[in-house]
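Before any comments, here is the structure.
The values are calculated or read from the model by the stated rules, or taken from the named source; none is laboratory data. Model, not experiment: these values are computed from the prediction. Glycine gets a Cβ as well: all are built from the backbone with ideal geometry, and neighbour counts include every protein chain shown. In case anyone asks, the SASA skips ligands and DNA or RNA and just uses the protein heavy atoms, side chains included. Shrake-Rupley method; radii C 1.70, N 1.55, O 1.52, S 1.80 Å.
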Amino acid sequence: MHDIDHIYIDGAFRAPHGTDTMELIDPVDGRPAARVRLADATDTRAAIAAARRAFGAWSATTPAERIGWLERLQRAVAQAERELVATMIEEYGGAPATCVATARRAAESFGLAAALLRTFAFERTAGAARVFMTPVGVAGLITPWNATYGFVCSKLATALAAGCTAVIKPSELSARQAALLARVLHGAGLPPGLFNIVTGRGDEVGAEIVRHPDVAKISFTGSTAVGKAIMRGAADTMKRVTLELGGKSPTILLDDADFEAAMPLAVAAAVNNSGQACLAGTRLLVPAHRLDEAERLAAREMAALVVGDPRRPDTRIGPMVSARQYERVQGYIRQGLAEGARLLVGGPGKPAGLERGHFVRPTLFSGVRNDMTIAREEIFGPVLSMIAYRDDDEAVAIANDTVYGLQAYVFGADAPRAARVAARIEAGRVFVNGLYDVPEAPFGGFKQSGVGREFGSFGLESYLEPKTVAGA
Ligand code: NAD
């Protein structure tokens, strides 16, 4: 049993003012794993005050100075990789490959921010005026539980690179990972107050960050419902908001695609991170005249997924993060059956031999219509819905018939045709004929998948205010 009883404010670890506690359950065996003492609004105000004090000096640093600090952070996180991975596997239950990738990306995000600073133009001209890209102020960084290190580090790296200071509110379900990350980041020896980590409930700590007049910007990753509440709350103090929200991403197999080659990628796109991924391609659109072949191949891939204890190196699908998330996924599987979808693989309940943890059976439905609940709502588990279409126009129409627009995938043999289809999809990112890692490219959603972009120069600009100076 781990006791998490410290938060990180002004460069020091301290007991929270908040006295509420929460028990975290081991997702693999359902036993109590950690007790967390949660931060409250008083702690949050102390963290904001520390970030505010630190902002003056930090915002006046040169990019070269900030590069030096970012590189120290990168080294600190990289050196802790093994411990970070082990803790993420234990607390979150993520498959080993996912946890390694997350920890590695967390370290790299500081390096990417440093690299960006080497070329980024903070001073520009526009006509007769000069334009100074000026740090916006204290940033509130609010993150979900499905890739804590990655979200916290990429947001923090960008905020610091811009000259902002930060108050970080990780998910309460990631309290152990957040506590470890705080210790690792502290090891880089940055001046106090530049970043503060207050783990507490969303409606307490998160709400205070959103409300507080000394926070100038919110960068939030999480559900669309909470994102909408944050946007409303941020309006009172006119905070800048970047919202990375949910998705219901389509994967289109065009009728000339090599299904044998595409299907392992299409299934991976749906179930990576045990399906607890915002960019999961959970609607698989296949041409009606090749539906039988697609069903056979998709069923083969889904049935072959190794579900189990994430401490085993070959596990692809770990448990859901919590009992609540398990129940949510079960509810959608039952709903799919009730609405008449055809079950090809998986179904309700737990896989044999894994009855104690929050494990679900990777589930494949076919005969799904795009108006069914399982095609409209984000499930956040390894559940894939196959939808048949007649021609490219209908495929695009179905792909776009969603309130979301985060990500899409297109597979086809004729590259120009696949590119034309990609161009018609309303999504922040489209991957054609592969799964790619493009951390310098903007990431974010169209429609209700969010507001703004993270990563690269687009992400950096979201922490900066353009300030025009004319006549001087
Ligand atoms: P969530 O929205 O419930 O919580 C996210 C964070 O917001 C947590 O830290 C939570 O404590 C906090 N929060 C909750 N209520 C709040 C409030 N009123 N004010 C301020 N903060 C509040 O999401 P989750 O369950 O942690 O994560 C799953 C969701 O995140 C999914 O919907 C998924 O699509 C989304 N997600 C999006 C991306 C992306 O980049 N687009 C990435 C990962 C996850």
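Per-residue answers, yes or no, for (1) of a type in the set (S, T, N, Q); (2) surrounded by fewer than 24 Cβ atoms within 10 Å (Cβ to Cβ):
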| residue | (1), (2) |
| --- | --- |
| Met320 | no, no |
| Glu327 | no, yes |
| Gln330 | yes, yes |
| Ser366 | yes, yes |
| Asp401 | no, yes |
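Among the residues of the range 253-271 satisfying the criterion of being in a helix (DSSP H, G or I) and out of contact with any helix residue (DSSP H, G or I) (no Cβ under 7 Å at 6 or more places or on another chain), which is farthest from the ligand (Cβ to nearest atom)? My answer is Ala261.
Okay, residues lined up against (1) assigned by TED's automatic domain parsing to the domain that holds Pro135; (2) free of Cβ contacts under 8 Å to residues at least 12 places away in the same chain; (3) within 16 Å of the chain's Cα centre (by Cα):
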site: Phe365; (1), (2), (3): no, no, no
site: Glu377; (1), (2), (3): no, no, no
site: Val383; (1), (2), (3): no, no, no
site: Asp392; (1), (2), (3): no, no, no
site: Gln407; (1), (2), (3): no, no, yes
site: Ala413; (1), (2), (3): no, no, no
site: Pro416; (1), (2), (3): no, yes, no
site: Ala422; (1), (2), (3): no, no, no
site: Glu461; (1), (2), (3): yes, no, no
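Assessment of the range 238-245 against the conditions (more than 9 Å from the ligand (Cβ to nearest atom), outside any strand (DSSP E or B) and open to solvent by less than 10 Å² (accessible area, probe 1.4 Å)) yields no matching residue. Restricting attention to the range 80-108, the residues that are among the acidic types (Asp, Glu) and under 18 Å from the mean Cα position of the chain (by Cα) total 2. Find all pairs meeting these conditions: Cβ atoms under 9 angstrom apart; at least six residues apart or on different chains; first residue within the range 160-172 and farther than 10 Å from Leu194 by Cβ and at pLDDT below 95; second residue near the ligand (Cβ under 10 Å from one of its atoms) and open to solvent by less than 10 Å² (accessible area, probe 1.4 Å). Correct list of pairs: empty, since none qualify. One residue stands out in the range 414-472 among those that are within 16 Å of the ligand (Cβ to nearest atom) and β-branched (Val, Ile, Thr): the one that is surrounded by the most Cβ atoms within 10 Å (Cβ to Cβ), namely Val430. So Gly94 passes all but one of these: (1) part of a loop (DSSP other than H, G, I, E, B); (2) farther than 21 Å from Ile142 by Cβ. Which condition number does it fail? Of everything listed in (1) part of a loop (DSSP other than H, G, I, E, B); (2) farther than 21 Å from Ile142 by Cβ, Gly94 misses just condition (2). Are any of the residues in the range 157-171 open to solvent by 10 Å² or more (accessible area, probe 1.4 Å) and aliphatic (A, V, I, L, M)? Scanning the range 157-171 turns up no residue that is open to solvent by 10 Å² or more (accessible area, probe 1.4 Å) and aliphatic (A, V, I, L, M). Per the listing Thr119, Thr125, Thr102, the residue uniquely touching a helix residue (DSSP H, G or I) at 6+ places or on another chain (Cβ under 6 Å) and either open to solvent by 40 Å² or more (accessible area, probe 1.4 Å) or modelled with pLDDT of 95 or more (or both) is Thr102. Only residues that are near the ligand (Cβ under 7 Å from one of its atoms), surrounded by fewer than 21 Cβ atoms within 10 Å (Cβ to Cβ) and within 23 Å of Phe458 (Cβ to Cβ) were counted in the range 227-237, giving 0. Please tell me if Val396 is within 16 Å of the ligand (Cβ to nearest atom), among the aliphatic types (A, V, I, L, M) and either open to solvent by less than 10 Å² (accessible area, probe 1.4 Å) or at pLDDT 95 or above (or both). Considered against the rule, which asks whether it is within 16 Å of the ligand (Cβ to nearest atom), among the aliphatic types (A, V, I, L, M) and either open to solvent by less than 10 Å² (accessible area, probe 1.4 Å) or at pLDDT 95 or above (or both), Val396 comes out as no.
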